[in-house]
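See below for the structure under consideration.
The values are calculated or read from the model by the stated rules, or taken from the named source; none is laboratory data. This is a predicted model, so every value here is computed, not measured. Note that each Cβ is placed from the backbone with ideal geometry, even for glycine, and that neighbours are counted across all protein chains shown.
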Amino acid sequence: MTDSKEPVSGPLRRLGTSLLTLGRIRLELLAIEAQEEKERIAGLALWAVLAALLAGFGLLMLLLLIVVALWDSHRLLALAAATAVLLAAAAVALAKLKGLLAQPTTLFQSSIAELREDADALRRRP
């Protein structure tokens, strides 16, 4: 009698290969997400620094113009107002920064969702 069934190691080998392939695909997805997030953060940082520098220089020049215009009549008042404006702008920027740091990150959310779907699919199989 010849047994037409394939040996037990065949299905186990295919299962192992499938699991390794699934793991590799998930790791590639994680790597792609990490790269995209890195590029997004670098772009955000570059434009944020540039915008902050230009806005700061613009505000400083405006305040200098006001101080020079009021130099003969209200010199101390103009300097005090310029200082108050700069400190208020710094406080607003600090509050915005704290708000941004408090937001949760979305890094690897797609990968986590895919892994949950994989786990649910494996649990549903008999």
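Kindly indicate whether residue 45 is closer than 30 Å to residue 105 by Cβ, part of a helix (DSSP H, G or I) and modelled with pLDDT of 85 or more.
Values: closer than 30 Å to residue 105 by Cβ: yes; part of a helix (DSSP H, G or I): yes; modelled with pLDDT of 85 or more: yes.
So residue 45 passes the test.
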#### Entry: Conditions (1) at pLDDT below 85; (2) loosely packed, with under 10 Cβ neighbours inside 10 Å; number of the one not met by residue 11
(2)
### Message
Of everything in region 85-111, what is surrounded by fewer than 11 Cβ atoms within 10 Å (Cβ to Cβ) and over 14 Å from the mean Cα position of the chain (by Cα)? Give them in sequence order.
### Response
87, 88, 91, 92, 94, 95, 96, 98
### Query
What do you reckon, is residue 3 outside any helix (DSSP H, G or I), of a type in the set (Asp, Glu) and modelled with pLDDT of 85 or more?
no
